[in-house]
Amino acid sequence: MSDPLDLAGLRARLAAVAGLDAAALDAEEIGVLGRKQGALTARLKALPSLPVEQRREAGASLNALKLEFEAAFAERRTALAGASRAAARDAVDPTMPPRRDWVGSRHPVTEVTAEIVEIFRGLGFSVALGPEVEDEELNFLALNFPPDHPAMDMHDTLYLDPEGSAPGAGGRLLLRTHTSPVQIRVMREGPPPYRVVIPGTVYRNDAFDPSHAPAFAQIEGLAIDRGITFVDLKATLTHFAERFLGPDTRVRFRPSFFPFTEPSAEMDVGCLLCGGSGCGACKGTGWMEILGCGMVHEQVLRNVDLDPEEWTGWAFGMGPQRIAMLRYGLPDIRLLYGGDMRFLSQFGGLAG
Ligand code: PHE
């Protein structure tokens, strides 16, 4: 029997639908039923060219085949969807214990820094930042270090280009040894008054041992205005200690020396671990030193073209690692530099 429409070929394709994968199924559906190029569609379009006596039967066969194709495509599609759901189910092992919530937290040094900055922001201080690569002039000379000061020695300071220029000329580049040069940058940036805190990393040519690190954090503070006195320094830093450590915190100021402040002091707080009765952490004294401070030296003001008769102020510098060690009773600063989860997970409610 002649088969001008190749119905046998279409039937063979119909039989093959049940074995197609998802991509081939889409292609075959277009290939057979597609409105423009579909093989079955094309034959339907060709019906009028057949001899009249064949037309009726051929039309009936093609329309029946079209329904069968539609049913076969739909059935195959349903079967494939069911199979992929089953595969996804098999990939899950419902007997496995669930993972516990794993919520990160801030590093203790980041946390301490953020709390300190926040307290000073509440007092009207803004945040200033400066570069970690500094020049000798700002790190030392503008801060009233004499050119032969031992802090400028290669043993204490990490120079980037030791051969670059003559020591003491002010042009050598170094990793800043403190955040104090940013005081100079702030004061050269625009006119007073200034109230800033300056968090940042500083570098010293130190060994990495239980109480030293060659890179550590500092927070600098600077307040300059008309009529500022040592009373403002004491009141502000005492307020800070009470906010940061609790309202009953005791503070004391001991005379000290920094080239860029005069008078200078260290501020101690009652030992955070024993409360003042004396313990190993405070070496039996009941006190812990938390920062250095003082009235900004007249020479520093002159170095930034401010008249010390008109403008006065104070500055402080503290080390967040040190404060974190005191606050949490840490025996070794190196704990704050490692990634040991047994240590870190004890902070900030991190699930262990
Ligand atoms: N820059 C000093 C240091 O690193 C700290 C300090 C800052 C002291 C500001 C007084 C005033 O030790």
When you look at Val182, is it touching a Lys or Arg at 6+ places or on another chain (Cβ under 9 Å), buried (at least 19 other Cβ atoms within 10 Å of the Cβ) and outside any helix (DSSP H, G or I), yes or no? no
Name the residues in the range 207-235 that are crowded, with 16+ Cβ neighbours inside 10 Å and either within 13 Å of the ligand (Cβ to nearest atom) or not hydrophobic (A, V, I, L, M, F, W, C) (or both), would you? Phe216, Ala217, Gln218, Ile219, Glu220, Gly221, Leu222, Ala223, Ile224, Asp232, Leu233, Lys234
If the requirement is being assigned by TED's automatic domain parsing to the domain that holds Ala18 and of a type outside the set (A, V, I, L, M), which of these qualifies: Glu118, Glu57? Glu57
Only one of Val202, Val109 is at pLDDT 90 or above, aliphatic (A, V, I, L, M) and touching a Pro at 6+ places or on another chain (Cβ under 9 Å); which? Val109
Please enumerate the residues belonging to the range 183-199 that are within 11 Å of the ligand (Cβ to nearest atom) and under 23 Å from the mean Cα position of the chain (by Cα). Ile198
Considering residues of the range 246-277 that are over 30 Å from Arg302 (Cβ atoms) and open to solvent by 50 Å² or more (accessible area, probe 1.4 Å) only, the residue farthest from the ligand (Cβ to nearest atom): Ser277
Go through the residues of the range 135-150 one by one and say whether even a single one is under 24 Å from Arg243 (Cβ atoms), away from the ligand (no atom under 14 Å from the Cβ) and surrounded by 12 or more Cβ atoms within 10 Å (Cβ to Cβ). no
If you go through the range 1-44 one residue at a time, how many are open to solvent by 80 Å² or more (accessible area, probe 1.4 Å) and in contact with a Gly (Cβ under 9 Å, 6 or more places away or on another chain)? 3
Any residue at all in the range 92-100 that is more than 30 Å from Thr201 (Cα to Cα) and among the polar types (S, T, N, Q)? yes
On the given criteria, is Glu289 surrounded by fewer than 21 Cβ atoms within 10 Å (Cβ to Cβ), acidic (Asp, Glu) and at pLDDT 95 or above? no
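The values are calculated or read from the model by the stated rules, or taken from the named source; none is laboratory data. Fair warning: this is a prediction, and the values are worked out from it, not measured in the lab. Cβ coordinates were reconstructed from backbone atoms using ideal geometry, including for glycine residues, and neighbour counts include every protein chain displayed. When the accessible area is computed, the model is the full protein with side chains, heavy atoms only, and any ligands, DNA or RNA have been set aside. Shrake-Rupley method; radii C 1.70, N 1.55, O 1.52, S 1.80 Å.
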